[in-house]
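**Q** Just passing along the structure, written as C-alpha cells.
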Amino acid sequence: MGEPSLRERALRHLARRDHSRAELTRKLTPHGDADEVEAVIARMSELGLQSDTRYAEAFVRGKAGRFGSSRLRNELARRGIDRDLIDAALDSECLESEAERARAVLRGRFASAPADAREWARQARFLQTRGFAPDLIRKLLKEPYDESA
C-alpha cells in the first residue's frame, strides 16, 4: 500500500478528535506543500469536519472544571484559535462562575484551609498555575473553609 494522501491523513486526525485549523496545518505540512494543505483543510471545513468554533467549545467544556479562564484563553490562543472564538466559547461553555470553579479546584486538591503562610503560598501557587486571577485567589484563601463542600 502507498502512502496515505493528505485528505486521508486529515480524516484520520479528525476522526480521533477535533483539531484546530492551526494544529491540522502543522500536522499536515510535512506531507505536502502549503497550497495542497490549505486546500484540504478548506475542504474539511466546508464539509463541517473541521471547525475552530467546535474545537474551542469542546476544549473549554473539557477543561473548565480544572482551569481558570486565563489559562483556558492562553491554551486556546496557543492552539491558533481566534480571540473572538475564544471569548464566545468561554461565555457559552463556562456555566459556573470563575469563583465557583476555583473553589471546587481548591477543595478538590486541599482538604483544609491554609494553617500558616507557607501553606497559604502553596495553595496560592497551585491556583495560580491553574490560571485563576490573583485577586480571586486572595479572596478564596481568606474566606472560611466550608467543610460541607
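**Q** Do you know which residues across the stretch 100-137 are surrounded by 14 or more Cβ atoms within 10 Å (Cβ to Cβ), farther than 19 Å from ASN74 by Cα and of a type in the set (Gly, Ala, Ser)?
**A** ALA104, ALA113, ALA124
**Q** Restricting to the stretch 64-97, name every residue that is surrounded by 17 or more Cβ atoms within 10 Å (Cβ to Cβ) and assigned to a helix (DSSP H, G or I).
**A** If the condition is that a residue be surrounded by 17 or more Cβ atoms within 10 Å (Cβ to Cβ) and assigned to a helix (DSSP H, G or I), then SER69, LEU72, ARG73, LEU76, LEU85, ILE86, ALA89, LEU90, GLU93 are the ones that fit.
**Q** Here is a check on your reading of the model: is ALA42 over 18 Å from ASP84 (Cβ atoms), hydrophobic (A, V, I, L, M, F, W, C) and out of contact with any helix residue (DSSP H, G or I) (no Cβ under 9 Å at 6 or more places or on another chain)?
**A** When the stated conditions are applied, ALA42 passes them.
Read-outs throughout are calculated quantities, based only on the coordinates presented, and are distinct from any laboratory measurement. These numbers come from a predicted model, not from an experiment. Cβ coordinates were reconstructed from backbone atoms using ideal geometry, including for glycine residues, and neighbour counts include every protein chain displayed.
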